[in-house]
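The values are calculated or read from the model by the stated rules, or taken from the named source; none is laboratory data. Model, not experiment: these values are computed from the prediction. With ideal geometry, Cβ positions are generated from the backbone for all residues, glycine too; neighbour counts draw on all protein chains shown.
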Amino acid sequence: MIRSLALIVSFCLAGAAPALSQTHPPEHGQGRQHDASGHSPVDPSEHEAMHGVLLGKWTGTSSSLQGVSRKLDLAVASDKRGNVKLKMKADQPIQVGASSSVVSEGNTLQWTQIVSGAPCKATAVVSAATPVAPETMNGSMACQSGAITFALQKTKG
């Protein structure tokens, strides 16, 4: 039963990923005429399943190259157009700014995160919940000052 559930969630994540964050470059903006051949249709139920896994509050820790562990929180929401928005908060002295360029492929989430005033490339793998553990998100941010790894769990509520 658990394998079947994991397989179904995996298929849902893989199928819904292209729709997770559909952003258009400026030359291909919303409302402008464009070639739709680059867009694949997404089953609405798969799209909703992906949002159900990803959307919400995540909490955990981050670690720098120096091995310093800090509390890290991530809120994942969607705007009126269905674009995924991230808001990250970290313990001092790290200052976390805006997130942008959110893209999802399969169970992998990628985005640009401002950390202490500089852009970092963030990548995370989202794993579905099990009967004994909530959803998890493990990843890293590649910054000019070094890599920051993080491990988060989805919180209830």
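Points to keep in mind about this one:
- Within segment 115-124, the only residue that satisfies the criterion of being at pLDDT below 95 and of a type in the set (V, I, T) is V115.
- Some residue of segment 65-85 being hydrophobic (A, V, I, L, M, F, W, C) and over 20 Å from V53 (Cα atoms): yes
- Single residue of A98, A122, A128, A147 found to be touching a residue at least 40 places away in the same chain (Cβ under 8 Å) and either touching a His at 6+ places or on another chain (Cβ under 7 Å) or farther than 17 Å from L55 by Cα (or both): A147
- Residue pairs meeting the criteria (Cβ under 7 Å; at least 6 apart or on separate chains; first assigned to a strand (DSSP E or B), in segment 56-68; second among the basic types (K, R)): G56/K154; W58/K154; T61/R70; T61/K71; S62/R70
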